[in-house]
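Bear in mind these aren't lab numbers, they're just calculated from the coordinates by the rules spelled out. Just so it is clear, the structure is predicted and the values come from calculations on it, not from any experiment. Every residue, glycine among them, receives a Cβ derived from its backbone with ideal geometry; neighbour counts consider all protein chains shown.
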Amino acid sequence: MGLLNFWKKKDKPPQEEAPPPASSQEAPEQPPAPQPAAAPQEAPLAGTPSEAPGELVAETAPSQPQELILPAPEAPPETSPEAAPPPEPEKKKGFLARLAERLGKTREKISGSIDRLTLGRKIDEELLDELEEVLVTADLGVKTSLELIEGLRGQVRRQELSDAEALKAALRAGMERVLTSVAPVPSRHNAPHVIMVVGVNGVGKTTTIGKLANYFGQQGRKVLLGASDTFRAAAAEQLEIWAERVGCPIVRQKHGADPSAVAYDAVEAAQNRGRDLVIIDTAGRLHTKVNLMEELKKIHRVLNKRLEGAPHEVLLVLDATTGQNALSQAKLFHEAVPLTGLVLTKLDGTAKGGVVVAIAEAMRLPICFVGVGEGLEDLRPFDPQEFAAAIF
């Protein structure tokens, strides 16, 4: 027992002295232990610059610029240039594309027929005879079709037309010659410049006047409308709606008033208000006791009395879907009042677009405007090259 107690007493001092060294030895081991524990806790907070700058900066500095900076400069160049350029080409070729699309029926009638006629065949006299029939049915008219075909016969004899594309190019050039050989479009430098618009009911005359007002307004002209169609019910009201839509003044009187008096007042109002372009609407059908052509002649005379040289333009509005009937209308109106130009509407809904060439050749009058749709921008000045290109 004595020996046992002696060993117990002897063993206690090392146990009491062991903890201090143990604590001193564990002290250096404890800092590494909290560091790994602290590192995972503070790793998500590595955004703070004070915590583990060496390791986190080395790991995040190369990765963050590659993920954030590289996409940023590439995204703007891809989106900004693509958003800006597209509108410019659309504006330049928008009407050309729209014209070609709206003349699809006429193009199929003429250009499509040429493709079918020349498929696997030699271009000879027999083929030209069949092509002449195609042109006549497309409402180019017998006379115009004969003249175009005669020009092609000479080229066939000289062996200048070897395929369908050469034939189309020659026919296109012939149409352009007919369309450009007419009288030029009158200049519009008068102040005020007076345009008298005539045409039968149903051709889109009043709508055309509204679109003309919009077109000239975009050109910087100060437009005024005169509602001289006082016989058709709601004609003046319809023109007034167009005037409000376009943003120009209108001169009108009650239903049944003297059309010549309205035209006179419109020119006078334009001079007093400083408007430099007047568009006069006229009736397309009058009462049975009044002759339409005589009334148009009277309006023409009154305008000339009020302003010397007026009307400076007399535009006849024709519906292209009527084909050769449009040519008959042009001849009748031209006998009553001296026409200076033509406006062809509804070219987008007909396969008889060839009537444009027939009218130009027969009347020797310029095609001033063409309508290829119902929108305000769908009435545009006529361009022979554009028209021929849209067909072929």
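Relative to its Kirkwood radius, the Cα radius of gyration of the stretch 338-392 gives an Rg/Rh of 0.94.
Loop-located trypsin sites (Lys or Arg not before Pro) in the stretch 230-298 (DSSP state not H, G, I, E or B) with no more than 11 neighbouring Cβ atoms inside 10 Å: Lys254, Lys289. The protection proxy used here, the mean number of other Cβ atoms lying within 10 Å of each residue, ranks peptides 198-209, 333-344, 171-182 as follows, highest first: 198-209, 333-344, 171-182.
Legend: Rg and Dmax of the stretch 125-248, from Cα coordinates, 22.0, 61 Å.
Legend: calculated FRET efficiency, Asp124 to Lys331, from the Cβ-Cβ distance at R0 = 30 Å, rounded to 0.05, equals 0.25. Each principal axis of the Cα cloud of the stretch 264-383 was taken in turn, and the coordinate range along them, longest first, works out to 45, 35, 27 Å. Using the Cβ-Cβ distance between Leu376 and Glu160 with R0 set to 35 Å, the FRET efficiency from 1/(1 + (r/R0)^6) comes to roughly 0.20. Between Gln385 and Asn190, the modelled labels are 3.1 nm apart [label points 7 Å from Cα along Cα→Cβ]. The stretch 260-321 and the stretch 333-372 have Cα centres separated by 20 Å. Counting Lys and Arg as +1 and Asp and Glu as -1 over every other residue whose Cβ lies under 13 Å from the Cβ of Met196, the net charge comes to +1. Annotation: amide H-H contacts under 5 Å for Gly341 (H modelled 1.01 Å from N, sequence separation of 5 or more, or interchain): Val314, Leu316.
Once you order the gyration tensor axes a ≥ b ≥ c over the Cα atoms, which shape class does the stretch 122-187 get: rounded for a/c under 1.5, otherwise prolate or oblate by comparing a/b with b/c?
prolate
Local charge for Ala270 was computed over the other residues whose Cβ lies under 9 Å away, with Lys and Arg +1 and Asp and Glu -1, and equals +1.
Scalar couplings 3J(HN,Hα) for the stretch 126-136, obtained by applying the Karplus form with A = 6.51, B = -1.76, C = 1.60 to θ = phi - 60°, are 5, 5, 5, 5, 5, 5, 4, 5, 4, 5, 5 Hz; x denotes Gly and Pro. Taking 18 Å as the limit for the C-alpha separation, the pairs Lys222/Lys346; Lys143/Lys352; Lys205/Lys346 exceed it in the case of Lys222/Lys346.
In this label model, Asn304 and Asp115 are separated by 5.1 nm, measuring between points 7 Å along each Cα→Cβ vector.
List the residues of the stretch 175-212 whose backbone N lies under 12 Å from a point placed 7 Å from the Cα of Ala257 along the Cα-to-Cβ direction. Within reach of a label on Ala257: no residues. Of the GluC sites (Glu not before Pro) found in the stretch 346-388, those in coil by DSSP whose Cβ has at most 16 other Cβ atoms within 10 Å are Glu374. Amide H to amide H, with H built 1.01 Å from N, Val251 comes under 5 Å of Leu225, Gly226, Ala227, counting only residues 5 or more places away or on other chains. On the basis of the beta-carbon distance and an R0 of 30 Å, Ala97 and Gln271 show a calculated FRET efficiency of 0.10.
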